[in-house]
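J.: One structure is given below, represented as structure tokens, and several questions about it will come after.
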Amino acid sequence: MAPSSYQAPMRGDKEDKTTYSQSTESNLSHSQTPVAKLLEGKGDAVFSVRPNETIHSVVNTLKEKRIGAVLVTDQNGALHGILSERDIVRRMADTPGQTLPQAVEDLMTREVKTCTPDDLLNDVLKTMTEGRFRHMPVLRDGNLCGVITIGDVVHFRLKELEYEALRMKQMIVG
């Protein structure tokens, strides 16, 4: 039985209505999202250490801040490297019992892949996936303005997809 508010279609109902098909632009609009959009919601907090600090102090920072990596900067804030939990665990396997007193500069990754606020999230995600790393510093005019993680990007994209699905449902329902 049809709901009482149902009205059967009548001849001529759709004659003057125009329909629009999906376009490549509408389907790919989410892939054009820049890093800056993610940073708007995440903020620009950057946790950094100096190259001469010990791994022990970095481990404490990672624990206290509940983060997976720190940037290595000089006193002026210039990026010199990055040190992640993975770097520390690998060194612990190589030098058991001798890792914590070592200097950050001995373990850090010096060749750091970075992005800019104008880079597209899909490109950044691809770079991180192919490079098998989870943290990427964001530089604006050579200065640090944030750090994004692969989790940040995935979470942001999921939110975008949820919003897109909601919009499609609203279009269908009316």
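J.: So what is the relative contact order of the range 43-173, in percent, for Cα pairs below 8 Å that sit 6 or more residues apart?
T.: Contact order relative to length: 22 percent.
J.: Sticking with this one: So which DSSP H runs in the chain come out at 30 Å plus along the axis (Cα) with average Kyte-Doolittle of at least -0.5?
T.: 150-173
J.: So, one more: I want the local charge near residue 117. Using Cβ-Cβ distances under 15 Å, sum +1 for each Lys or Arg and -1 for each Asp or Glu among the other residues.
T.: Here the count lands on -4.
J.: Where in the range 109-174 are there GluC sites (Glu not before Pro) that are in a DSSP coil and have at most 14 other Cβ atoms within 10 angstrom of their Cβ?
T.: Within the range 109-174, the qualifying GluC sites (Glu not before Pro) (loop, at most 14 other Cβ atoms within 10 Å) are 111.
J.: Per DSSP H run of n ≥ 4, the term is -39500 (n - 2.57); total these for the chain, divide by its residue number, and report the mean residue ellipticity at 222 nm rounded to 500 deg cm²/dmol.
T.: -12500 deg cm²/dmol
J.: Give the total of Lys-Lys pairs in the range 43-173 with Cα-Cα distances below 25 Å; include a pair only if its members are 8 or more places apart or on different chains.
T.: So the count of such lysine pairs works out to 6.
J.: Can you tell me what percent of all Cα-Cα pairs in the range 41-165 are more than 18 Å apart?
T.: The proportion of pairs with Cα distances above 18 Å equals 54 percent.
J.: Right, another one. Where does the charge balance sit around residue 34 when Lys and Arg score +1, Asp and Glu -1, over other residues with C-beta under 11 Å from its C-beta?
T.: Combined, the nearby Lys, Arg, Asp and Glu give -3.
J.: Let me understand the range 122-168 better: what is its radius of gyration from the alpha carbons, and its Dmax, in angstrom?
T.: That works out to 13.0, 40 Å for Rg and Dmax.
J.: I want the local charge near residue 72. Using Cβ-Cβ distances under 9 Å, sum +1 for each Lys or Arg and -1 for each Asp or Glu among the other residues.
T.: Local net charge: -1.
J.: Given contacts defined as C-alpha pairs under 8 Å and at least six residues apart, what's the relative contact order of the range 116-166, whole-number percent?
T.: Normalised by residue count, the contact order of the range 116-166 is 28 percent.
Coordinate-derived values only; no laboratory data. Source: prediction; values computed, not measured. Ideal geometry is used to build each Cβ from the backbone, glycine not excepted, and the neighbour counts take in all protein chains shown.
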